[in-house]
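Notes for the one structure printed next.
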Amino acid sequence: MSEPESLKSALLRDGGFKHGFFTRLGGQSRGEFAALNLSLTQGDNEQDVRANRLIVQRALGVNRLVLARQVHGTEAVVLADEDDVSSAIAAPPECDALIACTTGHAVGILTADCVPILIADPESGAAAAVHAGWRGTLHNIALGAVDALSNATGSRPQALIAAMGPAIGPASYKVGRDLADSFADSFGDDVVRREADGPKLDLWAANDLNLQRAGLLPENIELLAEDTYAQPERFFSYRRNNNTGRQGSFIAARQR
């Protein structure tokens, strides 16, 4: 078993935040879930998934991983203290954004085409992990997560830094005309590619706009543009394989 592969954001790294956008490489799951599947709900062997999560935890250098029960909604849950963290580990909350205010653990989300967004506040040390599929993106989950972070810690949006990780890219993401029109109405024509075989959607561009609408500066938003659909050897993709695993993206709060 090789070491887990994870992509790093220069912005988050330079800000002193432990984080990683993990690929599917480096775990012990087998078959269609090979190798670093982190989801317990797709049919993989639970023992292998638990071992994979421990691999990620050790790679990040944290004591615990906190994950949500993702529902493709817009709810953001704030983990303000250690009691909140313990409760969230015992009973993962139904939400698509987790906000960490204390150190010692990493919050994360799982994806297999949706956009993972990691947000950090260099001033307070707080951090957030956001799961932005097309539903969450259309309903402005990134903006809501920034608002929740600001309300919980007093963070100034213009001081925040963020990185968007591997997701289905605009060259691969074919969608129906109605969905394309909804995104164009909300974000402008630049997030939709009108092609002969049908429209394609740029979720990265839409979430970049959401982050800017929330108050982040354009230079404080980084994109790690790896297309999950186009790289089966490195990434799980629901659109490509349907029954498949999930890669994880994690970030830990740090001291002020």
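A short reminder: the numbers here are calculations on the coordinates, not readings from a lab. If you're wondering where the values come from, they're calculated on a predicted model, not measured in any experiment. Using ideal geometry, Cβ is built from the backbone for each residue, glycine included, and neighbour counts are taken over all protein chains shown.
Each Cα pair under 8 Å and six or more residues apart adds its separation to the average, and for segment 100-172 the resulting relative contact order is 37 percent. Distance from the Cα centroid of segment 1-69 to that of segment 192-250 is 19 Å (rounded to whole angstrom). With a ≥ b ≥ c taken as the square roots of the eigenvalues of the C-alpha gyration tensor of segment 45-129, please select rounded if a/c is under 1.5 and otherwise prolate if a/b is larger than b/c or oblate if it is not? Since a/c stays below 1.5, the shape of segment 45-129 is classed as rounded. Computed over segment 1-80, relative contact order equals 22 percent, with contacts defined as Cα pairs under 8 Å that lie 6+ residues apart. Legend: translational diffusion of segment 95-213 by Stokes-Einstein, Rh = Kirkwood radius over C-alpha pairs, 20 °C, 1.002 mPa s; D = 145 µm²/s.
Of all lysines in the structure, the ones whose alpha carbon falls short of 21 Å from that of residue 8, not counting any fewer than 8 places away in one chain, are 18. Under 27 Å between alpha carbons, and skipping anything fewer than 8 positions from residue 174 in its own chain: which lysines qualify? Answer for residue 174, where 27 Å is the Cα cut-off: 200, listed by chain and number.
For the chain, what is the calculated [θ] at 222 nm in deg cm²/dmol (nearest 500), taking -39500 (n - 2.57) for each run of four or more DSSP H residues and dividing by its residue count?
On the way: 8 runs with 73 residues, N = 256.
The helix-only estimate for the chain comes to -8000 deg cm²/dmol at 222 nm.
Over the chain, what is the relative contact order in whole percent, taking alpha-carbon pairs under 8 Å and six or more residues apart? So the answer I get is 25 percent.
Quick check for me: using +1 on Lys/Arg Cβ and -1 on Asp/Glu Cβ, what's the dipole size of the chain about its Cα centre, in debye to the nearest 20?
Result for the chain is approximately 500 debye, rounded to the nearest 20.
Taking a ≥ b ≥ c as the square roots of the eigenvalues of the alpha-carbon gyration tensor, segment 167-233 is classed oblate because a/c is 1.5 or more while a/b is no larger than b/c.
How far, in nm, would the chain grow between residue 135 and residue 219 when pulled straight, counting 0.36 nm per residue and subtracting the alpha carbon separation?
Values: separation 84, 0.36 × 84 = 30.24 nm, distance 2.58 nm.
The residue 135-residue 219 span can extend by a further 27.7 nm.
Mind checking the dipole of segment 142-256: about its Cα centre, +1 per Lys or Arg Cβ, -1 per Asp or Glu Cβ, Debye to the nearest 20? Mind showing how you got there, number by number?
Working: 13 positive and 15 negative charges, 94 e Å.
Rounded to the nearest 20 debye, it is 460 debye.
For segment 1-78, the gyration tensor built on C-alpha atoms gives an oblate shape. Its axis ratio a/c (a ≥ b ≥ c) is at least 1.5, and a/b is not larger than b/c. Taking R0 as 35 Å, what FRET efficiency do you get between residue 14 and residue 230 from their Cβ-Cβ distance, rounded to the nearest 0.05? The calculated FRET efficiency here is 0.75.
For percent of Cα pairs over 33 Å apart, the listed values are (1) 33; (2) 17; (3) 13; which was obtained by calculation from the structure presented? Here the calculated entry is (3). Since only 133, 85, 144 are under comparison, the one whose Cα sits farthest along the positive direction of the charge dipole of segment 53-145, derived from C-beta charges on Lys, Arg, Asp and Glu, is 133.
Highest mobility in the GNM of the chain, judged by mean-square fluctuation with C-alpha springs under 10 Å and restricted to 47, 158, 57, is found for 47. When you count the other C-beta atoms within 10 angstrom of each residue and take the mean per peptide, 109-116, 184-191 line up highest first as 109-116, 184-191.
Can you figure out the FRET efficiency of residue 190 with residue 41, using R₀ = 30 Å and their beta-carbon distance, to the nearest 0.05?
0.30
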